[in-house]
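Shown next, in structure tokens, is the structure this report addresses.
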Amino acid sequence: MTPPLIHLAEAQKSAPVTDWAARIGWVVGLLLFVLFLYWLMREGWKWRGTLQGDLPELPSAPDEPGETRLHLSGRYHGSTTAGQWLDRIVARGLGTRSRAELTLTDRGLDVVRPGAQDFFVPVAALRGARLDKGIAGKVLTEGGLLIVTWEHGDKEIDSGFRSDRADEHAAWVEALTTLSSTTSTTEHTETEGAR
């Protein structure tokens, strides 16, 4: 049996002292590191926008857009250089994700984005559409994104959209492909006729 004095001595031992200064120092250091990383990302975004500064202003929708062929409500996930799904375009607000309302007419594709810059793709600038699984910063299941390829200035751009109802994507691909191929055939015929 242990003498009662030993139990009393063990009970009087104090708990280890917490070094609050060291803990606060580590927390402050971690917060500064996170803020530094955020600042680097922001500067990288601004630098990318500066490099893409030669991209012309985005066209706005005409006063008379024409009869609506298709309408889609969903999300705009961003734009990249055509064929390079990781080369994000941030200039002219194309890097800003947002809700989107797409309207396809005989005159082109109207993209209305609440909280971000709207833009219009004239039918002559449409180059096609496809279903894909990813665009810079967003990866979904196969066929989860509607990618619209269009020309702006001297650059071909892929813009990624996701409808609130994914079963609409196939109709959009068909309509955009038909409209862009009809336009390119007409332009080719007009060019041949001019020669």
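The values are calculated or read from the model by the stated rules, or taken from the named source; none is laboratory data. All figures in this text were calculated on a predicted structure; none of them were measured in a lab. Here the Cβ is made from the backbone with ideal geometry for all residues, glycine too, and neighbour counts use every protein chain on show.
Check 57, 67 and return the single one that is modelled with pLDDT under 95 and either touching a Phe, Trp or Tyr at 6+ places or on another chain (Cβ under 8 Å) or under 17 Å from residue 176 (Cβ atoms) (or both). Can you show your working first?
Values: 57 fails: either touching a Phe, Trp or Tyr at 6+ places or on another chain (Cβ under 8 Å) or under 17 Å from residue 176 (Cβ atoms) (or both).
Within the list 57, 67, the selection yields 67.
Of (1) closer than 20 Å to residue 41 by Cα; (2) modelled with pLDDT of 90 or more; (3) over 10 Å from the mean Cα position of the chain (by Cα), residue 73 satisfies all except one. Which?
For residue 73, the failing item is (1).
Among the residues of the stretch 58-78, which ones are assigned to a loop (DSSP other than H, G, I, E, B) and in contact with a strand residue (DSSP E or B) (Cβ under 9 Å, 6 or more places away or on another chain)?
Of everything in the stretch 58-78, those that are assigned to a loop (DSSP other than H, G, I, E, B) and in contact with a strand residue (DSSP E or B) (Cβ under 9 Å, 6 or more places away or on another chain) turn out to be 58, 59, 60, 61, 62, 65, 66, 67.
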